[in-house]
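The values are calculated or read from the model by the stated rules, or taken from the named source; none is laboratory data. These numbers were taken from a predicted model, which means no experiment stands behind them. We place every Cβ from the backbone using ideal geometry, glycine too, and count neighbours over all the protein chains shown.
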Ligand SMILES: [Mg+2]
C-alpha cells in the first residue's frame with residue numbers, strides 16, 4: 001500500500017483563494033480579517049489568504065494573542081474582536097451558529113476539490129473562503145503507474161471528505177481517508193501495517209513526519225519541509241510523484257540483484273568444494289587444481305561485483321498504456 005498526503009504531495013501545494021463569500025459585509029472585509037490572523041500562521045492555506053489580501057492591496061490590520069489550532073484553524077484578537085478562521089466543523093464546535101442555507105454553497109465548492117474555510121468575528125460567521133490547490137501535472141500518471149505495479153494507493157488527508165474525494169477522483173485514487181487530524185495520521189499507518197503487508201507513506205509536511213516515521217518506508221517530497229525529510233527513509237529529489245514508482249522499482253531491482261549475487265557467490269563453492277574434496281575422484285579421477293580453485297574464488301567476486309554494477313544503468317520500466 002502506498003499512502004499519499006494531499007497538499008504539497010499530490011497537489012502543487014501552492015493554494016490560492018478562488019472564491020470569497022461575505023455574510024452581510026463585503027468580501028474585502030472578510031479577506032482583511034482573515035489575513036490579519038493568517039499572517040501569523042505557517043499553514044499553506046494561511047499563506048494563500050495573505051497572498052490574496054496582498055494582491056487585492058488590502059491594508060492588513062495588526063493581530064494580537066495569535067493561537068494556531070492544529071488541524072482546525074487559528075484565532076487572534078483583531079480590531080477589538082476575537083477572530084477565528086478555520087474548518088467549518090471547528091467553528092461550529094466553538095459555538096458559532098451555522099445557517100443551513102450556507103451548506104449548498106460549501107458543497108458546491110467542495111465538489112470542485114476546493115477547501116472551504118470560515119471566518120468568524122466573535123460569535124458570528126462573517127464569510128467563507130474557497131481555496132483551490134491544483135494537482136501536480138504528473139500526479140495522475142504517477143498514481144496510475146503505482147496501481148499498475150499492483151500497489152493500492154490511498155489518499156490520507158486532513159481535508160474534508162467532499163474535497164478529498166474530488167481531488168482523489170482527479171488523480172485516479174479510489175480509496176480516500178479524509179478528515180484525519182495530524183496526530184491521527186501515524187495511527188492510521190500503524191493500523192494498515194500487517195506482518196506481510198508493507199506500507200509506504202509519501203508526504204511533505206511537518207504534520208506528515210510521525211506517519212513517515214511509522215511507515216515501513218517513509219518517502220519525503222524534496223520540495224517539502226526539513227522535518228519530513230528527516231523523518232523519512234527516502235527523499236525524492238523533485239516534487240514529482242513518479243519518483244515513488246521509480247524508487248520502488250529500483251528497490252525491487254536491487255533485491256533481485258542481491259538474490260542473483262547470492263547465487264553467484266554460492267554456485268562456485270557448491271560445485272568447487274566437493275570436487276576439490278575428491279567427490280568425483282573415485283569415478284573419473286578428477287581433483288581440483290589449487291590454481292583453478294583460486295581462479296574460481298576470484299571469479300565469484302568478479303561475477304558479484306559485475307552483476308551489482310548493472311544497477312548503475314537501471315532504467316525504470318515505463319507504465320503500460322500511458323495516457
Ligand atoms: Mg502536505
> If you go through the range 52-65, how many residues are surrounded by 12 or more Cβ atoms within 10 Å (Cβ to Cβ) and assigned to a loop (DSSP other than H, G, I, E, B)?
Replying inline: 4
> Does any residue in the range 103-116 that is touching a residue at least 60 places away in the same chain (Cβ under 8 Å) come within less than 8 Å, Cβ to Cβ, of a residue that is in a loop (DSSP other than H, G, I, E, B) six or more places away or on a different chain, and which pairs are these?
Replying inline: 115/15; 115/133; 115/159; 115/160
> Just one of the numbered conditions (1) free of Cβ contacts under 8 Å to residues at least 24 places away in the same chain; (2) within 16 Å of the ligand (Cβ to nearest atom) is not true of residue 54; which one?
Replying inline: (2)
>> Exactly one condition in (1) assigned to a loop (DSSP other than H, G, I, E, B); (2) without any contact (Cβ under 8 Å) to a residue 40 or more places away in the chain is false for residue 229; which is it?
In response: (1)
>> For the condition under 26 Å from residue 304 (Cβ atoms) and more than 51 Å from the chain's Cα centre (by Cα), what is the one hit in 265, 276, 247, 253?
In response: 276
>> Quick check on my filter: what residues within the range 242-293 are closer than 30 Å to residue 147 by Cα and not in a helix (DSSP H, G or I)?
In response: none
> Which of the residues that make up the range 4-51 are in a loop (DSSP other than H, G, I, E, B), more than 12 Å from the ligand (Cβ to nearest atom) and closer than 23 Å to residue 65 by Cβ?
Replying inline: 25, 39, 40, 41, 42
> Is it the case that residue 205 is modelled with pLDDT of 95 or more, under 26 Å from residue 43 (Cβ atoms), touching a helix residue (DSSP H, G or I) at 6+ places or on another chain (Cβ under 7 Å) and surrounded by 15 or more Cβ atoms within 10 Å (Cβ to Cβ)?
Replying inline: no
> Taking the range 212-242 as the search range and keeping residues that are closer than 16 Å to residue 12 by Cα and more than 16 Å from the ligand (Cβ to nearest atom), which one is surrounded by the most Cβ atoms within 10 Å (Cβ to Cβ)?
Replying inline: 242
> Taking the range 195-211, which residues are in contact with a strand residue (DSSP E or B) (Cβ under 8 Å, 6 or more places away or on another chain), more than 11 Å from the ligand (Cβ to nearest atom) and outside any loop (DSSP other than H, G, I, E, B)?
Replying inline: 200, 201
> Which of (1) within 30 Å of residue 141 (Cα to Cα); (2) surrounded by fewer than 22 Cβ atoms within 10 Å (Cβ to Cβ) does residue 2 not meet, given it meets every other one?
Replying inline: (2)
>> So residue 24 ticks every box in (1) farther than 30 Å from residue 141 by Cα; (2) modelled with pLDDT of 90 or more but one. Which box is left unticked?
In response: (2)
